[in-house]
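Novice: After the structure tokens below, expect a handful of questions from me.
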Amino acid sequence: MTIRRREFISGLTAGAVGLLAKDVRAAGLRTLDSATKCVIDAHVHWYPPEFVDLIEKEGAANGVTAIKRNKDGDLEAVIPGNHPYAPKATFRRDMTDKGIILKSMDDRHVDLSVLAQTNPHVMWAPPAFGLKLSQAINDATSKFSVENPKRILGSITLPWQDISLSLQELERAAKLPGMRAVSCPENILGKNVSDKSFWPVYERIETSGLPMFMHNIDPISERMVEKDFTMINVLGNPFEATIACTALVLGGVLDAFPKLDVYVPHAGGAFVFLTPRMDWSMGTAEYAPKGRTSSFKNLKLNSASDYRRRFYYDLILHDPKITRMMIDIVGVDRIVCGTDYPQGMAIMKPVEYVEAIPRITQHEREMILCENPRRLLKL
């Protein structure tokens, strides 16, 4: 049987409003424990109009230049930093207009979307302005969720350039309705996410019970942009995911925070397929020469491959056959519907993509499209 998109019925989902259990009961809502399944896209991007307006009004005082509206009314600006499409950022209508976002969900057969920031993010800004931008994003995203509780959830944006301000905003934004995850860049101003300066935030995220959603920002490197072509999207973004996953494992973050759920975009890049190489280096691979010495720190689990199931992976592999390999390697319970919509490498039709996975079963369809994101978001 094929999963088709179904219109939400009244009170179908409690988690979609992002409230605590007592609030759910008070609202008279029911949970997703229903025969009717909804399609949840955990990886969708938007620019809240309030965020865009703030850049237009106060960006010049904080390093932003060439601020203008184009012929379509979209804001364009040159944002400081090394974000991958520098120097110009365009805040497109399909990522700022709530009506367009909701209609696109219908067109794509998606019932519930989790919204998060994308480039240029807020880390380019002076810390105080980064906090102000983060607050604008989080407040607007929560408002969008409250307006559309059956359709929209949010991921919390933090000013990672200042850990104290990040902790402050996490404490505040985690209380906002509809905010069900914390967004973490895959590198933070050039530092790997294993850097211990970020661990206080990871500790707070783990304590909050919210999952950490990784997102690619500033992909490596200058050699990704050639005169006649660019590799930023096709290689840079998945390579960033690969580095982030590897850093979280080898840097000891996952050992230090065993209850931290981590969701990675672009299916973790090459991480899943490179862990045997790490195992070989550590002498833990099945066919590795014994007695090898490794520069890697001791891990609590036996090998790097044992950490593959500490992550949740989205669908962005662009080949259902490779997604089948991911399912067979990490287990179907670690694959979460996430598309990167409306970016250029997005999986535009997630239901159709999942349907095309070889040997897909009804149980696997429902796990990927509904049950896994539902469990990750604690709906």
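The values are calculated or read from the model by the stated rules, or taken from the named source; none is laboratory data. All figures in this text were calculated on a predicted structure; none of them were measured in a lab. As a convention, Cβ positions derive from the backbone with ideal geometry for all residues, glycine included, and neighbour counts pool all protein chains shown. All accessible areas refer to the heavy atoms of the entire protein, side chains included, with ligands and DNA or RNA removed. Shrake-Rupley method; radii C 1.70, N 1.55, O 1.52, S 1.80 Å.
Novice: Which one is most open to solvent (accessible area, probe 1.4 Å), of the residues in the range 201-228 that are assigned to a helix (DSSP H, G or I) and touching a residue at least 24 places away in the same chain (Cβ under 8 Å)? It would help to see each step written out before you state the result.
Specialist: Initial filter on the range 201-228 (assigned to a helix (DSSP H, G or I)): 201-208, 222-224.
When the remaining residues are screened for being touching a residue at least 24 places away in the same chain (Cβ under 8 Å), the result is 201-206, 208, 224.
Values: 201: 0, 202: 1, 203: 105, 204: 89, 205: 0, 206: 45, 208: 55, 224: 19 Å².
Among those residues, the one meeting the criterion is 203.
Novice: Mind checking which pairs have a first residue in the range 271-295 that is within 23 Å of residue 235 (Cβ to Cβ) and a second that is surrounded by fewer than 18 Cβ atoms within 10 Å (Cβ to Cβ) and at pLDDT 70 or above, Cβ under 6 Å, 6 or more apart or different chains?
Specialist: Taking only residues 6 or more apart or on different chains, the pairs are 272/329.
Novice: For the range 221-243, state whether one or more residues are at pLDDT 95 or above and under 24 Å from residue 153 (Cα atoms).
Specialist: The answer is yes, given that some residue of the range 221-243 is at pLDDT 95 or above and under 24 Å from residue 153 (Cα atoms).
Novice: Sticking with this structure for a sec: In the range 135-159, which residue that is more than 23 Å from residue 376 (Cα to Cα) and touching a Leu at 6+ places or on another chain (Cβ under 8 Å) is surrounded by the fewest Cβ atoms within 10 Å (Cβ to Cβ)?
Specialist: 136
Novice: Assess whether residue 164 counts as being free of Cβ contacts under 8 Å to residues at least 12 places away in the same chain, of a type in the set (S, T, N, Q) and either closer than 19 Å to residue 121 by Cβ or touching a helix residue (DSSP H, G or I) at 6+ places or on another chain (Cβ under 8 Å) (or both). It would help to see each step written out before you state the result.
Specialist: Values: free of Cβ contacts under 8 Å to residues at least 12 places away in the same chain: yes; of a type in the set (S, T, N, Q): yes; either closer than 19 Å to residue 121 by Cβ or touching a helix residue (DSSP H, G or I) at 6+ places or on another chain (Cβ under 8 Å) (or both): yes.
Against the criterion (free of Cβ contacts under 8 Å to residues at least 12 places away in the same chain, of a type in the set (S, T, N, Q) and either closer than 19 Å to residue 121 by Cβ or touching a helix residue (DSSP H, G or I) at 6+ places or on another chain (Cβ under 8 Å) (or both)), residue 164 qualifies.
Novice: Say whether the condition of being in contact with a Leu (Cβ under 6 Å, 6 or more places away or on another chain) and part of a loop (DSSP other than H, G, I, E, B) is met by at least one residue in the range 113-122.
Specialist: Here is the first cut: in the range 113-122, the ones in contact with a Leu (Cβ under 6 Å, 6 or more places away or on another chain) are 114, 122.
Pick out the ones that are also part of a loop (DSSP other than H, G, I, E, B) and you get 122.
So far as the range 113-122 goes, yes, one or more of its residues are in contact with a Leu (Cβ under 6 Å, 6 or more places away or on another chain) and part of a loop (DSSP other than H, G, I, E, B).
Novice: Something else now. In the range 346-369, what residues are among the hydrophobic types (A, V, I, L, M, F, W, C), over 16 Å from residue 115 (Cα atoms) and surrounded by fewer than 22 Cβ atoms within 10 Å (Cβ to Cβ)? Steps first, answer last, please.
Specialist: Within the range 346-369, the first condition is being among the hydrophobic types (A, V, I, L, M, F, W, C), and the residues that meet it are 346-348, 351, 354, 356-357, 360, 367-369.
With over 16 Å from residue 115 (Cα atoms) added as a condition, the list becomes 351, 354, 356-357, 360, 367-369.
Matches in the range 346-369: 351, 356, 360.
Novice: Another one. In the list 234, 253, which residue meets the criterion of being on the phi < 0 side of the Ramachandran plot, in contact (Cβ under 8 Å) with a residue 60 or more places away in the chain and surrounded by fewer than 19 Cβ atoms within 10 Å (Cβ to Cβ)?
Specialist: Working: 253 fails: surrounded by fewer than 19 Cβ atoms within 10 Å (Cβ to Cβ).
Unique residue meeting the criteria: 234.
Novice: Within the range 238-256, track down each residue that is in a loop (DSSP other than H, G, I, E, B) and either aliphatic (A, V, I, L, M) or in contact with an Asp or Glu (Cβ under 9 Å, 6 or more places away or on another chain) (or both). Walk me through how you get there before you give the answer.
Specialist: Residues of the range 238-256 that are in a loop (DSSP other than H, G, I, E, B), as a first pass: 251-252.
If the condition is that a residue be in a loop (DSSP other than H, G, I, E, B) and either aliphatic (A, V, I, L, M) or in contact with an Asp or Glu (Cβ under 9 Å, 6 or more places away or on another chain) (or both), then 251 is the only one that fits.
Novice: Please state which of the following conditions residue 198 fails to meet, knowing it meets all the rest: (1) surrounded by 14 or more Cβ atoms within 10 Å (Cβ to Cβ); (2) modelled with pLDDT under 95; (3) of a type outside the set (Asp, Glu); (4) closer than 21 Å to residue 250 by Cβ.
Specialist: So residue 198 meets the others, but not (2).
Novice: Based on what the data block shows, is residue 97 touching a Cys at 6+ places or on another chain (Cβ under 8 Å) and either open to solvent by less than 20 Å² (accessible area, probe 1.4 Å) or modelled with pLDDT of 95 or more (or both)? So that I can check it myself, show each step before the final result.
Specialist: Details: touching a Cys at 6+ places or on another chain (Cβ under 8 Å): no; either open to solvent by less than 20 Å² (accessible area, probe 1.4 Å) or modelled with pLDDT of 95 or more (or both): yes.
Taking the combined requirement at face value, the residue does not satisfy it.
Yes/no matrix, rows are residues, columns are (1) farther than 24 Å from residue 132 by Cα; (2) open to solvent by 30 Å² or more (accessible area, probe 1.4 Å); (3) modelled with pLDDT of 95 or more:
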site	(1), (2), (3)
19	yes, yes, no
25	yes, yes, no
45	no, no, yes
50	no, yes, yes
61	no, yes, yes
89	no, no, no
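Novice: For the condition free of Cβ contacts under 8 Å to residues at least 24 places away in the same chain, open to solvent by less than 20 Å² (accessible area, probe 1.4 Å), among the aliphatic types (A, V, I, L, M) and more than 25 Å from residue 200 (Cα to Cα), what is the one hit in 112, 75?
Specialist: Values: 112 fails: free of Cβ contacts under 8 Å to residues at least 24 places away in the same chain.
Among 112, 75, only 75 is free of Cβ contacts under 8 Å to residues at least 24 places away in the same chain, open to solvent by less than 20 Å² (accessible area, probe 1.4 Å), among the aliphatic types (A, V, I, L, M) and more than 25 Å from residue 200 (Cα to Cα).
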